[in-house]
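What follows draws every value from the coordinates through simple rules; no lab data is involved. Just so it is clear, the model here is predicted, and its values are computed rather than measured. We place every Cβ from the backbone using ideal geometry, glycine too, and count neighbours over all the protein chains shown.
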Amino acid sequence: MVVLMRLILAFLLASLVTPGQETKPDRTINITAERFTFNPSRITVKRGQVIEFVVTSDDTDHGFKIPAAGIDAAIPQSGKGELRIRFVANEKGKFVFECSRPCGAGHNLMRGEIVVK
Ligand SMILES: [Cu+2]
């Protein structure tokens with residue numbers, strides 16, 4: 001029963017994170033990924049806002065993972081397009097994001113944080 005409720009909750013949260021693509025986000029934030037940083041690496045957003053992250057790589061394949069939000073998506077290598085992903089924070093606090101595709105010696109350092117106010 002608890003498992004079922006968790007699944008329903010996860011579905012409801014996910015549906016908030018991915019509204020129809022024709023819906024305009026409240027804010028679009030561009031992020032560049034390169035070995036071994038995200039730029040910007042500290043992002044401040046408002047609670048409840050629909051954020052669309054547009055993430056491009058300046059070099060190789062990277063990943064964009066927000067563990068607390070269940071987001072993990074591939075960032076294509078430079079010249080092969082961009083990642084567009086939506087995020088809504090319903091709580092104030094900090095959400096860590098990190099690279100999720102092994103990209104070299106500094107991969108584990110490749111991270112940042114979203115501060116929700
Ligand atoms: Cu990496």
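General remarks:
- Check on residue 78, among the hydroxyl-bearing types (Ser, Thr, Tyr), buried (at least 19 other Cβ atoms within 10 Å of the Cβ) and out of contact with any His (no Cβ under 6 Å at 6 or more places or on another chain): no
- Subset tally (residues that are in contact with an Asp or Glu (Cβ under 7 Å, 6 or more places away or on another chain) and either over 21 Å from residue 27 (Cβ atoms) or exposed (fewer than 13 other Cβ atoms within 10 Å of the Cβ) (or both)) for segment 81-95: 1
- Residue that is nearest to residue 46 (Cα to Cα) [pool: residues in segment 103-117 that are within 17 Å of the chain's Cα centre (by Cα) and within 16 Å of the ligand (Cβ to nearest atom)]: 112
- Scan segment 34-61 for residues that are closer than 15 Å to residue 107 by Cα and under 12 Å from the mean Cα position of the chain (by Cα) and the total you get is 2.
- Of all residues in segment 80-102, those satisfying the criterion of being more than 16 Å from the ligand (Cβ to nearest atom), assigned to a loop (DSSP other than H, G, I, E, B) and small (Gly, Ala, Ser) are 81, 89.
- Number of positions in segment 27-62 that are surrounded by 19 or more Cβ atoms within 10 Å (Cβ to Cβ) and within 16 Å of the ligand (Cβ to nearest atom): 7
- Residue check for residue 66: in contact with a Phe, Trp or Tyr (Cβ under 6 Å, 6 or more places away or on another chain) and surrounded by 15 or more Cβ atoms within 10 Å (Cβ to Cβ): yes
- Remark: pairs (first residue in segment 97-117, in contact (Cβ under 8 Å) with a residue 60 or more places away in the chain; second residue among the aromatic types (Phe, Trp, Tyr) and near the ligand (Cβ under 8 Å from one of its atoms); Cβ separation under 9 Å; 6+ apart in sequence or on different chains) = 99/36; 103/36; 104/36; 105/36; 106/36; 107/36; 109/36; 110/36.
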